[in-house]
Amino acid sequence: MIDKSQEKISTMFDEIASSYDKLNHLFSANMDKSWRRDIINYIKDNDINSNYVLDIACGTGDLTIELVKLEPVKITAIDISDKMLSLLKSKINIKGLSTVCADAHDLPFEDEYFNLITIGFGIRNFENPEKSFSEIRRVLKKDGILVILEIFKSRGFINKIFNVYFGKLVSFIGNKISDSSAYSYLFKSVDAFFSIDEFLEVCKKNGFKAEHCRNNFFKIVNTVYLKKD
């Protein structure tokens, strides 16, 4: 079930679904692909249990597809956009993969079911992060891992450069190609989000401790590996 407050965001992502992959790869100079691969390598290198995997805010499935390489018993991908899920299913169809239209505010799963939960470029769009963290804690096993790959608000000179690039150039080109104002919203969602240090404090307050934090790009793009505190 999708929270009513998330319906506008769901509609927005439906509108840009067809151009989403192409624009993400373009604007990140394909670096987003390596950031996702790094998650898989970290999980393998640290022998993290990945039997039952949940990919939240999966979009068109770029991270889901990487997670398949872990050969989980079952992998579940959820998103609030039906069109994003349709594109994911057109990319990959394997045994053990299920897709569900849902969001992180009300996860339709049993308690302590998943060993590994991932969120790639999605958590800053959550209407109520505290409620989402509560739900994630509920469905994550006691020794499970939560991995978050996200764009965080930066500081100082780097922030000024980022604002020009993402706020002006990316928003203009993205809106033109996708025929939507979505990329203006996406910039605003980053600008209103936490810095990485602030976010780690939010995680701590909501019952998660950071096991590892990887700075992918000038502390703007980070991957955070969390366990239940």
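The values are calculated or read from the model by the stated rules, or taken from the named source; none is laboratory data. All figures in this text were calculated on a predicted structure; none of them were measured in a lab. FYI the Cβ positions are ideal-geometry reconstructions off the backbone, even for glycines, and counts take in every protein chain you see. SASA here: full protein model, heavy atoms, side chains in, ligands and nucleic acids out. Shrake-Rupley method; radii C 1.70, N 1.55, O 1.52, S 1.80 Å.
Ranking of HIS25, HIS105 by solvent-accessible surface, largest first: HIS25, HIS105 (1.4 Å probe, protein heavy atoms only, all chains present).
Inter-label distance, ASP45 to LYS89: 3.7 nm, where each label sits 7 Å from its Cα along the C-beta direction.
Separation of segment 112-144 and segment 5-26, taken as the distance between their Cα centroids, equals 21 angstrom. Across all directions, the shadow cast by the convex hull of segment 57-124 built on its C-alpha atoms averages 4.5 square nanometres. Remark: spin-label model distance LYS188-SER34 equals 3.3 nm, labels positioned 7 Å along the Cα→Cβ axis.
Cut-off 10 angstrom, C-alpha nodes, Gaussian network model of the chain. Which of GLY156, GLY144, GLY120 fluctuates the most? Fluctuation is largest for GLY156. Given a 1.4 Å probe and the protein chains as shown, THR99 ends up with an accessible area of around 40 Å². Think of a 1.4 Å ball rolled over the protein heavy atoms: the chain then has 49 Å² of accessible area per residue.
Among the listed pairs LYS69/LYS141; LYS22/LYS228; LYS44/LYS142, those whose Cα-Cα separation exceeds 24 Å are LYS22/LYS228. For segment 104-229, the alpha-carbon radius of gyration amounts to 1.14 times the rule-of-thumb value 2.2 N^0.38 Å expected for a compact globular protein.
The accessible surface of the chain, taken with every protein chain in place and a 1.4 Å probe, is 50 percent carbon and sulfur. With a 1.4 Å probe rolled over the protein heavy atoms of all chains, the accessible area of LYS131, LYS141 falls in the order LYS131, LYS141, largest first.
Stretching the chain fully between LYS209 and ILE177 yields a gain of 7.6 nm (0.36 nm per residue, less the alpha carbon separation).
Descending by average beta-carbon neighbour count within 10 Å, the peptides 53-59, 35-41 line up as 53-59, 35-41, the highest first.
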